[in-house]
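Quick notes on the structure that follows.
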Amino acid sequence: MLTRERENAVPSQSRALRRLFLMLFLRGRSARQLRVAKMPKSIAALLRTSLVVYAFIGVTSLGFGGATIFTLAVYLHAMTFILVGLFVAAAAGEVLFNAEEADILLHRPVNAGALLRAKIFVLLQVSILMAVAFNVLGIGVGVWGQHGSWRFLPAHLLSLTIMALFCAGAIVLTYQLCLRWFGRERLDGLMTTMQVAVSIFLVLGSQLLPQVMARTGNSLGTLVLPWWVRLLPPAWFAGFDDVLTGGGRAESWLLAVIGVVATALILWLAFAKLAGDYERGLQQVGERSARAPRARRRWLDRAVAVPPLSWWLREPASRASFLLTAAYLGRDRDMKLRVYPAVSPMLVWPVLFLLPSRHGGAAAFPVAFAGVYMGLIPLMVLKLVRYSQNWQAADVFHMVPLAGPGELCHGARRAVLLLITAPMLLLFALLVVALRHDLANVALLLPGLIAIPIYAIVPCLGGRSVPCSAPPNSMESSRRGMTMMLVMLLSAVWGGIAIAGWKFGFFGWLVFAQAIVVAVVYAMMRASVARAAWPAETAIG
Amino acid sequence: MAPAVDVISVQQLSKRYGEQLAVDQLSFAVPAGQIVGFLGPNGAGKSTTLKMLTGMIAPTSGSATVAGFDLVTHPIEVKRRVGFVPESGAVFESLTGLEYLEMIAALYGIPHGGAVERIKQFIAFFDLSFETLTDKLLGAYSKGMRRKVVITAALLHNPPVVFFDEPLDGLDANAAVGFKALIQTLAREGKTIVYSSHILDVVERVCDRVIIIDQGKLLLDGAPEALVAAHGSGTLERLFTELTGGAELERRAEDFAKTFRS
């Protein structure tokens, strides 16, 4: 009886949309590498590894055992704000304005507000899960710490939810304001610039904040927060925690009220006042742009035709792949959002190590560590340039008479080396000189520099770095986090060996031996890449 | 006999992209039960017009009513009454065929039981198996199978007006024949059909009337045989190439072939 009623019930449109966007998030928008039997059934299942990584990063909150509830909450909200903000900023462009989706949904009787709410609902589900994973240990500290209270648990969960709403609303509002003020012609470029800038800001913030906090106080637990922290959203939501946990001072009340009012205002603006702009934006996504964006690659086209680049890019396939990679690194929003925020911390960490700390510290180790760490830039970037929303276009590589993907991988590798790695290394060398006032220290960068060819060719093994050949993968960010951790460990070990060589007088021999080993290993890897067949996952089918 | 009511009425409809005028003051009307071939060369403004008439994009100026509702003031009511097969044939690839069609049915408020019944009728018509629909992701379907799902999704809610943009793209010969019979049956049932295609002999055989546009402007409007006779062209294809500069392309093709000989 109940089944028959269910069969005849008029389905809820909003539920259908929420279900649709949840499925699209869980499975991705492309099905080429998807196996039905292995499809994740929930967000938690999909993000399992990421959630473990976020919970692991949350270990840092254990240092706040002696802190007041307000100080602990400011830290937790600041870090969560960055985590959630980064996710929403990166996902929003693709989720909110998907060109292909227009052909499927825009002629159905669905209003833009319903679409927007369903999309944000899924983004919020993911954001809250990520936030809770990061905050698990912090909540423990808030309950059992020196100033703890059991009320911190419900208070913090509630404030996390409000903060996630604030983040999502703020991003949606920013898009809508861009649409209203600048129109479709400039929207794409603006969205790209804004997303990249926000992402880099958030990534840098996540690296810088703990360092700044550690450098301004005597210890994390007794930290006295500077006045300007109270102007930032994390302090508002921390005030909320403070009030609900019971120790609320008048200042906390004020901050909590600001947080609630700001969230309500942003949600009203984003989902009620400016919802019409979203509808217009959706329609415009399906339209052709009036002016094609100006291609700014002419100088590179000319440069690859003359020495020395023409010598380096002798093979036509390698040259084509080089130009393709360069074009996407410079123009494609999706690619830029993936690559530059991922690369930015690689510059920040070494620089932070170079800054004089209140503990003093060894002068040479940070340079050696940073040199090796910087050498890993091409490894990271090459892992990312293979992902693109236009991955199906890479089928053309299978149609042209190429025995394998080797030359395409080399083209991408060379583009990453020339356009990203070389400028970053140069900048870093200048920073070493500027911050250390010692040219001798620059020599400690050598072990890292010599290792670059190896790091750059590792992602090419098995022909796996063909540019724009794989669909974007939502799991990639958590894997990237783990790779970064491994990379830091390896860099520390290698940096230590270099310092030992420097201290005990065999640095020159160490560098010489390393150069020989690198040359041999590089030659072997190159031969392996040349023999590589097309990876099974990129085969057309 | 009462005069036929216009189900689609377009007046001075225009669409501008920046400085480019994609559709230029287009006006026409289509009565119930008519199959209209909507023709034009690449970039003529056909897809833009269809997207405007289905509420996907907003017109820059002019007005249109579809199934009695104004496109600008009542877009949701229009969308409830139209079915659209877009040229792109886009689907959510990571859904199974059944998940996709059930989702579409839910958006139109069709109860689950009724939706599954209709889906079964369509898959029987298109010779698809229910197992394929439940077990395989749309990304794994052939182009023709995907097109059949898109056509089903356009007709699932039994709309009185249907717009087809290159619907035969990817269909095999049998499916194409079946599809042509289907749209003629739908028209006899009283549905209004706008059919945009580059396959002119199919248009000539299936459509009661053709509208030819170029550079966003209306060039010709009338019954295919009447238009062909009036211009003395022999076939619709010949008439079309004469109107839209296709004859020039034949000469250019000859020049192009010469580059391979040299």
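The values are calculated or read from the model by the stated rules, or taken from the named source; none is laboratory data. Treat the numbers as computed from the prediction; the structure is a model and nothing was measured. With ideal geometry, Cβ positions are generated from the backbone for all residues, glycine too; neighbour counts draw on all protein chains shown. The area values use the complete protein model at the heavy-atom level, side chains included, leaving out ligands, DNA and RNA. Shrake-Rupley method; radii C 1.70, N 1.55, O 1.52, S 1.80 Å.
So the values come out like this:
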item: Conditions (1) under 30 Å from residue B:25 (Cα atoms); (2) in a helix (DSSP H, G or I); (3) within 7 Å of chain A (Cβ to nearest Cβ); (4) not β-branched (Val, Ile, Thr); number of the one not met by residue B:103; result: (1)
item: All strands (runs of 3 or more DSSP E) inside segment B:179-262 with 1 or more residues being over 19 Å from residue B:166 (Cβ atoms) and among the basic types (Lys, Arg); result: B:217-222
item: Residue match in segment B:72-79 (condition: of a type in the set (D, E, K, R), modelled with pLDDT of 90 or more and under 30 Å from residue B:198 (Cβ atoms)); result: yes
item: Helices (runs of 4 or more DSSP H) completely within segment A:1-120 that count 2 or more residues being modelled with pLDDT under 80 and crowded, with 18+ Cβ neighbours inside 10 Å; result: A:13-27, A:43-46, A:48-57, A:69-96
item: Conditions (1) farther than 30 Å from residue A:78 by Cβ; (2) within 14 Å of chain B (Cβ to nearest Cβ); (3) at pLDDT 60 or above: number failed by residue A:278; result: (1)
item: Qualifying residues in segment B:1-27 (those that are surrounded by fewer than 20 Cβ atoms within 10 Å (Cβ to Cβ) and in contact (Cβ under 8 Å) with a residue 60 or more places away in the chain) - the one farthest from the other protein chains (Cβ to nearest Cβ); result: B:27
item: Filtered residue count, segment B:104-118, keeping only those that are among the aliphatic types (A, V, I, L, M) and open to solvent by 10 Å² or more (accessible area, probe 1.4 Å); result: 3
item: Some residue of segment A:419-436 being under 23 Å from residue A:301 (Cβ atoms) and open to solvent by less than 20 Å² (accessible area, probe 1.4 Å); result: yes
item: Verdict on residue B:88 being within 7 Å of chain A (Cβ to nearest Cβ), more than 28 Å from residue B:177 (Cα to Cα) and at pLDDT below 90; result: no
item: Scan of segment B:213-243 for residues that are out of contact with any helix residue (DSSP H, G or I) (no Cβ under 6 Å at 6 or more places or on another chain), open to solvent by less than 30 Å² (accessible area, probe 1.4 Å) and β-branched (Val, Ile, Thr), ordered by number; result: B:213
item: Flag for residue B:37 being in contact with a strand residue (DSSP E or B) (Cβ under 6 Å, 6 or more places away or on another chain), small (Gly, Ala, Ser) and within 14 Å of chain A (Cβ to nearest Cβ); result: no
item: Residue check, residue B:30 in a strand (DSSP E or B), buried (at least 19 other Cβ atoms within 10 Å of the Cβ) and in contact with a Ser or Thr (Cβ under 9 Å, 6 or more places away or on another chain); result: yes
item: Residue check for residue B:58: within 14 Å of another protein chain (Cβ to nearest Cβ), open to solvent by less than 10 Å² (accessible area, probe 1.4 Å) and touching a helix residue (DSSP H, G or I) at 6+ places or on another chain (Cβ under 7 Å); result: no
item: Filter pass, residue B:44 being of a type in the set (A, V, I, L, M) and more than 14 Å from chain A (Cβ to nearest Cβ); result: no
item: One residue from A:262, A:295, A:272 being at pLDDT below 80 and part of a helix (DSSP H, G or I); result: A:272
item: Of all residues making up segment B:82-92, the number that are surrounded by fewer than 19 Cβ atoms within 10 Å (Cβ to Cβ) and either more than 17 Å from residue B:57 (Cα to Cα) or not acidic (Asp, Glu) (or both); result: 2
item: Subset of segment B:147-172 that is in a helix (DSSP H, G or I) and touching a helix residue (DSSP H, G or I) at 6+ places or on another chain (Cβ under 6 Å) - its residue that is farthest from the other protein chains (Cβ to nearest Cβ); result: B:152
item: Verdict on residue B:95 being crowded, with 18+ Cβ neighbours inside 10 Å, in contact with a Ser or Thr (Cβ under 8 Å, 6 or more places away or on another chain), at the interface with chain A (Cβ under 8 Å from one of its Cβ atoms) and not β-branched (Val, Ile, Thr); result: no
item: Qualifying helices (runs of 4 or more DSSP H) (wholly inside segment A:370-466; at least 2 residues being under 30 Å from residue A:28 (Cα atoms) and in contact (Cβ under 8 Å) with a residue 24 or more places away in the chain); result: A:377-385, A:395-399, A:406-416, A:446-457
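Results for (1) free of Cβ contacts under 8 Å to residues at least 12 places away in the same chain; (2) open to solvent by 10 Å² or more (accessible area, probe 1.4 Å); (3) touching a strand residue (DSSP E or B) at 6+ places or on another chain (Cβ under 9 Å), shown as yes or no for each residue.
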site: B:145; (1), (2), (3): no, yes, no
site: B:150; (1), (2), (3): no, no, yes
site: B:153; (1), (2), (3): no, no, yes
site: B:157; (1), (2), (3): no, yes, yes
site: B:164; (1), (2), (3): no, no, yes
site: B:168; (1), (2), (3): no, yes, no
site: B:177; (1), (2), (3): yes, yes, no
